[in-house]
Amino acid sequence: MKPTAFEYVRAGSLDEVLTVLEERGDEAKVLAGGQSLIPTMNMRFAAPEVLIDISGVTELRGIEVRDDVLRIGAMCRHVEVLNAPEVAEHAPLIAMAMPNIAHAAIRNRGTFGGSLCHADPAAELPACVLALDARLNIDGKSGPRSISARDFFLGTYMTCLADDEVLISVDVPKVMSENVTFFDEVARRRGDYAMAGLASQATVRSGFITDVRLAFFAVGEVAVRAPHAEQALQGILLQDMDADAICSAIADDISPFDDLTTSGAAKLTMMQVLTRRAVESFAKQGAHA
Amino acid sequence: MTGPLAITITINGEPATRAVEPRLSLADFLRAEGFTGTHVGCEHGVCGACTIRVDGRTARGCLTLAVQCDGLEVETIEGATGNGCVADLQDAFIENNALQCGFCTPGMLLTADELLQENVSPTRTEIREHLSGNYCRCTGYQAIVDAVEQVARQRAERT
Amino acid sequence: MNEHLKPSVLDRPNSYVGKTVPRPNARRLVQGCGTYVDDICLPRMVHLAFHRSAFAHAKVVSIDTDEARAVPGVVGVFTMNDIRDVITPWTGVLDHLKGIKSAEQWPLANGKVFWQGEPVAAVAAVSRAVAEDAAEQIFVEYEELTPVTDMETALAPDTPVIHPELGDNLCFHRVIDSGDVDAAFADAAAVVEDTFHFNRHTGVPMEPRSIICDYSRAEGELTLYMSVQCPHMSKNLFAKHLGLDENKVRVICRDVGGSFGIKIHTYSDEMAAGAIAVILGRPVKFIADRLESFVTDVHARDHVVKARAAFNSGGELLAIDMDDVTGIGPYSVYPRTSGIELNQVVNLTGGPYKHASYRADGKVVFQNKNVMCQYRGVGHPIAVAVGEHLMDLGARKLGLDPVDVRHNSFIPDDAYPYTSPSGAIYERQSHRQCLDKLVGIMDYAGLRDAQAQMRDRNIYRGIGFASLIEVTNPSPAFYGVGGARIASQDGCTIRLDPTGGITATTGVTEQGQGTETIIAQIAATAVGVPLDQVRVLTGDTEIVPYGGGTWASRGAGIGGEAALQAGKALKENIIALAAAILQAKPDRLDVRDGSIVDIATGQERMPLSELGGIAYFRGDTLPKDVQPELVATRHYTQRQFPFVFTNAAHACHVEVDVETGIVNLLNYWVVEDCGRVINPKLVAEQTRGGVVQGLGPALYEECLYSSEGQLLNGSLADYLVPMAAEMPDIVVDHIETPTGTSELGAKGVGEAGTAGAPAAVMNAINDALDPFGVTLTHMPFTPDKILKGLGRA
């Protein structure tokens, strides 16, 4: 179970990354932590001709607090994000999600940007950036651009990144005092990809909930928001919540697919349970606010 | 070029300069260097038998390329044994019979040691969660948890 | 105590039997200094990779190896035609399994492929990576044939016959009809029935199957470095099928990274490696990677069972009636056959109970999936799950407590030895004592109270029991009488070294379970030396006595008894020599803690190091008629019963999240009776590890196949094995009922945990879901199945 032979380039700068990407196009793959790419290559499901190691590119590193956003470098390893006080303070949803990502040794190598670019439908982070309305900063031969998380993910293992582009960083809007957050997933074992998961943030003022974002993962081709359910929650007094109505709205939003061992119907039930638990948690958080 | 690249990796404190194929995993590299305590159990990052330390943090040897570690420090079970940093864990594993076939043990020890460095008094649940990335097919895990819990207590008493 | 009365060999002042001592080989393993096969590197060694069939059933039209041969670094590419001259095929049948049939199996595809993953061609190259590169360049033209995958329709008239030469897809059929089943059901106060689906799963040893075949053309000798449980069996089979003199084949088995029954079978790729080594005349290494392990390591336990039970109004089991069908893949595995698992299921279902009437109809059928064969617990997990679920159903129907129904139905204590309606003979078991002790340590009454209170708060907890018997210490009736050259006897040789220490060699093998430790404990005790003066060697057919190795929980019971008898014999020789040297009467001397002592006072007369020195170097000082014999070998065959059965009682406590379908394992208890306990810690750890290996398939593990015969989850990312976070702490306690078949009195313990756990967790889940009127019998109990059962998915 050895990968096919490939070239290896350790990029010293972002320019070098972009140059090699431009020259080699879809023959090249960016190697960040490698925790998803290398197993795929070991199984020979992927056989890129060249790997561009971006671990030494300083422009991709670091966690930075800006005016109203938290900027997380694409090359930040999960363990850095997990342990960063800035993340806990300004993006608690991400902090809550991090321990659910695989296991410690994987988190030591795997990267924030790598997880987003891999776009695994069952991964936690795509749902988090979706729930947070984060913006992804990209660079490429046609110049830098910034794109909403909503537009970044196209499908299973598919993003809007062109062959010659690389993810630089992610801007996460800082959490506000009225925000409430919820993250949970139903997984068969600790660290497994979930059967269904929910990353959610909302605003609660005087018991009323607004700006609800419900981002589900492991239930479709990509992490997905639930607009009907969000709408059903919009502006209601949490203590008057009609859980059944919200649950049926979720069924209108999403028809989860079957995976190997979990039917779409079971996933839907789990999504509804997670949503109810989220709203209960919001009510508690709102009461304390 | 897919041909060999020259790299220098410090293995257990001793620098080794070698020409390696880019596709060579760190686990296979270390094994070829004679550090056969790094075991290869799945080659897709799930079982944890190839767990080693790269620059002080645990990593999967099968999901890391040797060329990625150019200029870095790598520690294997042989190094950790030599410098004594897991001696108490090794003793506790023996005392608790926290190993049977021994294939998972080197990775389990390095993972447990990392936990204890970060969390001096983990609960049994925390120990179980932290060790969840390392499969053991023989023990059923309880003896391993016992051993780690015992060492946490011992280390706390020492400090 | 009468000073002239010698203490029992097991109850000596310096006895190590019954004590927890650390394993001498553990230090090496915690330092990463074990020697597993892949750690061995021989000069001129080449590495194998295989082209494996992508189809479950196909004709091989052509194989193009030209491009593969051209890959730089390739030493050879081999199809069946390239190795046909040096290897013969095999057939997995045994004479005593009446009517069992199978087809000839070849190491590489011989015109057809019969399962996805079957080796078709092999590449030998300078590295595994290059071998894989070249294997990708082998182009095989297949003509697809209809795969037979559903075992329940494998015998239907319109299903293709996989091996036309066999006439049908039936491998083996076994029927038991004992007592008067129809009458028992007609008279019953309660009849219960259910259908059970058991999920195909596999052993997943951490170290994959591994072999190096080193053929010396000069000597005509083949040395096999193998990760294996039964070195002598492998020696025989490689010699036989490679046409070599058996004396010219040596198997060396150093550390084994787990086996669990996976490493006792004949594997095509390993046999091909042997043939290629003979052809190339250089060492050939094959390490199965994890993906090929999933499609080639034997699978097990794919069964559908329909069973019913009859009870009288007092909750006594009267009869069981069951049908079992199991699909074993395209071949009965050589040499142990794939009929044994079903045989065990029908032999053992309802094993603890006194019902006089029993009917079982079991069919083993061929299908185009990977082969199934013996894996830890062989048949027991199925037999126990079926029997114990029926007991719970009976209890529920009669409104009785499941503990009471078991008590009412156990074979009475005074009925032993007892012949079961399936024909199994039980020497003596302690079901009642085990269950009583279990109920005590788990605080059953307290748990039931808490369960009732929690239900009011919509928390659903359940308690499940399993009483079981386990086959251990097999006699030659298991394999030998069927014609397989698998030794049921085992031997031990113990030598007194000049230093006063002893070296024991044994035919039983070490896979981490502690064989070397318990052999050392027994040998130290029997001879009378300190434990640290004992060295135990296993796993090299050139060194150890001929023996069966490790399977059917025989290491302690068979190998241990041989060690005991060898130790006693050596001690007798030592005392005879000491008597001559000391001019004392032999019956006044004893050996304790490495010294010859006065038997009455314990006073040292001479250290063994001095005796060894005289015997080996100063024979000139001995009387002329004294020739020291400081090596003794003894063998042991258990002949009194076909098997010596152990027994145990398990209980599992779970909480089912009825919203998500997740099962949380809260507690687990086992009271185990493996006869004489040699090392309590090792017994407990075998039990714990075994339980977790039984919890795995109950909750997670399954080999999922498509209807085309494609394995859908053949990686560790998709095939879930138990991990630390979800597993409970397991309380283990013991009852000791030594077997009278040996002086040691030890029975086996390696498999009982695995045997009982699926039943206990199934019963616990069903107990938790009782308020919903839901009964689940389709393993594994995934969240999906639980939600579906609850009508929530």
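None of the figures in this text is laboratory data; all of them are computed from the coordinates on show. Small disclaimer: the values here were computed from a predicted structure and weren't measured. Virtual Cβ from ideal backbone geometry, glycine too; neighbours counted across all protein chains shown.
Figures for the structure shown
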item: Of the trypsin sites (Lys or Arg not before Pro) in the range C:343-393, those whose Cβ has at most 11 other Cβ within 10 Å and which sit in DSSP loop; result: none
item: Alpha-carbon Rg/Rh ratio, for the range C:386-490, with Rh computed the Kirkwood way; result: 1.12
item: Reach of C:K397 by Cα under 19 Å, taken over lysines that are not fewer than 8 positions away in the same chain; result: C:K306
item: Nearest 10 degrees, 0 to 90: helix A:243-253 Cα axis against chain A principal axis; result: 40
item: Dimensions in Å of the range C:608-670 - Rg and Dmax from alpha carbons; result: 29.5, 86
item: Within a Gaussian network of chain A (alpha carbon springs, distance under 10 Å), most fluctuating of A:I38, A:I72, A:I246; result: A:I38
item: Mean projected area (nm²) of the alpha-carbon convex hull when the range A:7-53 is viewed from all directions; result: 3.0
item: Burial ordering of C:D770, C:D85, fewest other beta-carbon atoms within 10 Å first; result: C:D85, C:D770
item: Relative contact order %, the range B:5-80, counting alpha carbon pairs below 8 Å whose residues are six or more apart; result: 41
item: In sequence order, calculated HN-Hα J values of the range C:569-580 (Karplus, 6.51, -1.76, 1.60; Hz; x Gly/Pro); result: 5, 5, 4, 4, 5, 5, 5, 4, 5, 4, 4, 5
item: Net charge dipole size for the protein assembly as shown [Lys, Arg +1 and Asp, Glu -1 on Cβ; Debye, nearest 20]; result: 2640
item: Rounded D (µm²/s) - the range B:5-80, Kirkwood Rh over Cα pairs, Stokes-Einstein at 25 °C, 0.890 mPa s; result: 207
item: Cα centroid separation, the range C:225-303 to the range A:102-157 (Å); result: 46
item: The range C:87-103 and the range C:333-386: distance between their alpha carbon centers, rounded to Å; result: 18
item: Percent RCO, i.e. relative contact order, over chain C, from Cα pairs under 8 Å lying at least 6 residues apart; result: 16
item: Chain C: C-alpha pair distances exceeding 34 Å, %; result: 52
item: Selected from A:A196, A:I246, A:V224, residue furthest toward positive end of dipole (the range A:179-288; charges at beta carbon); result: A:A196
item: In Hz, Karplus ³J(HN,Hα) per residue of the range B:50-67 (6.51, -1.76, 1.60; θ = phi - 60°; x = Gly, Pro); result: 9, 4, 9, 10, 10, 6, x, 10, 5, 8, 7, x, 7, 10, 10, 8, 4, 5
item: Charge dipole magnitude, Cβ of K and R +1, D and E -1 - the range B:5-80, Cα centre, debye nearest 20; result: 180
item: Residues of type lysines that C:K240 reaches as a straight line, Cα spacing below 23 Å, ignoring anything fewer than 8 places off in the same chain; result: C:K101, C:K248, C:K263, C:K285
item: Over the range C:96-135: Rg over Rh, Cα atoms, Kirkwood Rh; result: 1.21
item: Neighbour-count order for A:C160, C:C373, fewest beta carbons within 10 angstrom listed first; result: A:C160, C:C373
item: In sequence order, calculated HN-Hα J values of the range C:249-256 (Karplus, 6.51, -1.76, 1.60; Hz; x Gly/Pro); result: 10, 10, 10, 10, 10, 8, 6, 10
item: Cα-derived Rg over Rh, computed across chain B with Rh taken as Kirkwood radius; result: 1.00
item: Sparse-neighbourhood loop sites, trypsin sites (Lys or Arg not before Pro) in the range C:692-793 - DSSP loop, at most 10 other Cβ within 10 angstrom; result: none
item: Listed residues A:N179, A:F257, A:L274: farthest to the positive end of the dipole of the range A:179-288 (Cβ charges); result: A:N179
item: Sparsely packed GluC sites (Glu not before Pro) within the range C:198-288, loop by DSSP, other Cβ within 10 Å at most 11; result: C:E219
item: Helix-only [θ]222 nm of chain C, DSSP H runs n ≥ 4, -39500 (n - 2.57) each, per residue, nearest 500; result: -8000 deg cm²/dmol
item: Student exercise, the range B:38-159 dipole from Lys, Arg, Asp, Glu Cβ charges, in Debye to nearest 20; result: 280
item: Most fluctuating residue given options A:R276, A:R66, A:R225, as computed from a GNM of chain A linking Cα atoms under 10 Å; result: A:R66
item: Radius 11 Å from Cβ of A:K267, net charge of other residues (Lys, Arg +1; Asp, Glu -1); result: -3
item: Burial ordering of C:I262, B:I11, fewest other beta-carbon atoms within 10 Å first; result: B:I11, C:I262
item: Proximal charge balance of C:A183 [Cβ under 14 Å; K/R count +1, D/E count -1]; result: -4
item: Distance between the range C:705-740 and the range C:646-674 - C-alpha centres, whole angstrom; result: 13
item: Most mobile listed residue (A:T275, A:T210, A:T262) in chain A, GNM with C-alpha springs under 10 Å; result: A:T262
item: Anisotropy class of the protein assembly as shown from Cα gyration tensor, a/c 1.5 cut; result: prolate
item: Local electrostatic count, C:D404, Cβ distance below 13 Å [Lys/Arg +1, Asp/Glu -1]; result: 0
item: Straight-distance crosslink candidates among lysines, where the alpha carbon sits under 26 Å from A:K141 and sequence neighbours closer than 8 are dropped; result: A:K29
item: 5 angstrom amide H check on C:G76, placed H, neighbours 5+ away; result: C:A124
item: Peptides ranked, highest mean first, by Cβ atoms within 10 Å: ranges A:133-146, B:53-66; result: B:53-66, A:133-146
item: Viscosity 0.890 mPa s, 25 °C: Kirkwood-radius Stokes-Einstein D of the range A:61-173 over Cα pairs, µm²/s; result: 177
